[in-house]
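FYI, it's all coordinate maths here, none of it is from the lab. Please read these numbers as outputs of a predicted model, since none were measured by experiment. All Cβ positions, glycine included, derive from the backbone under ideal geometry; neighbour counts span all protein chains shown.
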Amino acid sequence: MVKTTIAERITDIRERIAAAADRYGRNADEITLVAVSKTHPLDLVVEAARTGLVSHFGENRVQEGEEKIPHFPSDLDVTWHLIGHLQRNKARKAVELFDAIESVDSLKIARRLENIASEFEVIKPVLMEVNCAGEESKTGLAVKDAPELVDFIRDECPHLLLKGLMTIGPLGGNESEVRRVFATARNLRESFRKSPEDLPVLSMGMSGDFEWAIAEGSTQVRVGTAIFGHR
Ligand SMILES: *Cc1c(COP(=O)(O)O)cnc(C)c1O
């Protein structure tokens, strides 16, 4: 672990987000920082929240959410994002635990989430996860299948609020390759938008590529390693 405090590391990320926003003519206020706390212990996540520098947290497994979310101090007002692939048998727990489900990648899981949210009488914010990197990535639904899922959620899932798209950049690509993938996600969101307020969220960018994601219009970056250290 690097010899800095968690507050220093979050401040550093915030400064890099602000600098990137500046450089690419964006407003840093429109970029949400989600601290990805997967594999890190509850204590460390609480410590991060206590700094007051971050209030959004991301987990990629429902089971890990179960170990953290209900045990989080109730005086801390935080938002929990599910960012990893969701299995059908975990959907109920996911709706119960998470404030937003950002990895909707099939009609089947959307239908399942709709049924559960309807039963709970809640409206759950969701993102659909699209595989914009093609062969290089295995998570998310294919770009060609995205329009059908958008229509399905909009027309047949009144208890799901589709807020936008999530994508993962290609690992180990150079700047132009990674930015091309992020631009694909941006253009895809544009193509689905019905008004400038529609689909406000474009979640892309991780520790290694969030500045490039900001260049391409990201409104939500998901940063794990650069805040919590290596997993
Ligand atoms: C783990 C994870 C992240 C964070 O990745 P880092 O490289 O540690 O910043 C972001 N998004 C998703 C979907 C993840 O699974």
Whole-number percent relative contact order across the chain, with pairs defined as alpha carbons under 8 Å at least 6 apart: 21
Which pairs in the list LYS38/LYS90; LYS38/LYS194; LYS93/LYS194; LYS38/LYS144; LYS38/LYS93; LYS93/LYS144 are over 28 Å apart, alpha-carbon to alpha-carbon? LYS38/LYS194; LYS93/LYS194; LYS38/LYS144; LYS93/LYS144
Would you calculate a helix-derived [θ] at 222 nm for the chain, using -39,500 (n - 2.57) for each DSSP H run of n ≥ 4 and dividing by the full residue count, to the nearest 500? -12000 deg cm²/dmol
Restricting attention to the alpha-carbon atoms of the range 12-105, what are Rg (one decimal) and Dmax (integer), both in Å? 14.5, 44
Arrange the peptides 197-207, 85-95 so that the one whose residues have, on average, the most other Cβ atoms within 10 Å appears first. 197-207, 85-95
Given 10 Å bins starting at zero, what is the percent of C-alpha pairs of the range 164-203 in each, up to the one with the largest pair distance? 31, 47, 19, 3
Overall Cα dimensions of the range 38-90 - principal axes, largest extent first, Å: 35, 18, 17
Beyond 22 Å, what percent of the Cα pairs of the range 151-231 remain? 31
Based solely on C-alpha atoms, express the radius of gyration and the Dmax of the range 88-157 in angstrom. 12.2, 39
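In whole Å, what three semi-axes, largest first, describe the equivalent ellipsoid of the range 122-164 built from its Cα gyration tensor (square root of 5 times each eigenvalue)?
Whole-Å semi-axes of the equivalent ellipsoid: 22, 11, 6.
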Classify the chain from the C-alpha gyration tensor, please: rounded if a/c falls under 1.5, else prolate or oblate depending on whether a/b exceeds b/c. oblate
